[in-house]
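Here, each number is a calculation from the coordinates, and none is a lab measurement. Since we're looking at a predicted model, the values are computed, not measured. Cβ placement follows ideal geometry from the backbone for every residue including glycine, while neighbour counts extend to all protein chains displayed.
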Amino acid sequence: MSSCDQCGKSILFGGQRLDQRRYCSAACARIHPLLEMADRVPVDILQRQVSEWRQSACPKCKRRDGAIDVHEHHRVHSLVLMTQWSTRRNVCCRRCGRREQLLSTLYCATLGWWGFPWGLLVTPVQIVRNVAALCRREADRPSAAFEQIVRRQIARHYLDAQATVPASP
Ligand SMILES: [Zn+2]
Ligand SMILES: [Zn+2]
């Protein structure tokens, strides 16, 4: 089964195929030119932008003493027969990322269990994912997820610049 290249939703039927990508809806397919452009960002420009961003101030705490990267944290909450879970991504320093992972661990541990059967099944998974992320050593290389975000930013700038160039007579 394939999933949407924009939102990650599973595509059972239909969807749109453009070049090598699949999208679940017309709304998601609107991102296509941006993703194509992001693939073509030259490596040297990407590397320069990635290392510049990694050393900039953290968007959350404004400090400058740690590398910026993507940090995921995982949540689940339940109410009897209803259980919802999600993974969120923050671009921030490791200290802020770990704070969210710790809060999400507590969130899961208090609110996750109270649903049958999914609460009981998903809660330990989400807790383990948070704890694993908390214990992971700080990587000395930027993650692929971070590079992907930087690629999209560069592509967006480029497309915006193209859009504002006046058409020649
Ligand atoms: Zn989608
Ligand atoms: Zn921070």
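Here region 48-144 is treated as a Stokes sphere of Kirkwood radius computed over C-alpha pairs; at 25 °C and 0.890 mPa s its diffusion coefficient rounds to 173 µm²/s. Building the convex hull from the alpha-carbon atoms of region 1-40 and averaging its projection over directions returns 2.6 nm².
Legend: ranking of residues 107, 23 from fewest to most surrounding C-beta atoms inside 10 Å; resulting order 107, 23. Among residues other than residue 3 with Cβ under 11 Å from its Cβ, the summed charge is +2 (Lys and Arg +1, Asp and Glu -1).
Taking Cα atoms only, the orientation of helix 144-164 departs from the longest principal axis of the chain by about 40 degrees.
Across the chain, Cα-Cα pairs more than 22 Å apart make up 59 percent of the total. Ordered by the number of other Cβ atoms lying within 10 Å of each residue's own Cβ, fewest first, 13, 146 fall into the sequence 13, 146. Taking 0.36 nm per residue of separation and subtracting the current Cα-Cα distance, fully stretching the chain between residue 43 and residue 116 would add 21.4 nm. Sorted fewest first by neighbouring Cβ atoms within 10 angstrom, 25, 2, 104 come out as 2, 25, 104. Between helix 94-111 and the chain there is an angle of about 40 degrees, using the helix long axis and the longest principal axis of the Cα atoms. Compared with the dominant principal axis of the Cα atoms in the chain, helix 118-135 is inclined by about 60°.
Suppose the chain between residue 125 and residue 26 were pulled fully straight at 0.36 nm per residue; how much longer would it get relative to their current alpha carbon spacing? Provide the component values of the computation, followed by the final result.
Numbers: separation 99, 0.36 × 99 = 35.64 nm, distance 3.31 nm.
That works out to 32.3 nm of additional length.
What number, rounded to the nearest 500 deg cm²/dmol, is the helix-based mean residue ellipticity at 222 nm of the chain, given -39500 (n - 2.57) per DSSP H run of at least four residues and division by all its residues?
Working: 6 runs with 81 residues, N = 169.
When only DSSP H runs of four or more count, the value is -15500 deg cm²/dmol.
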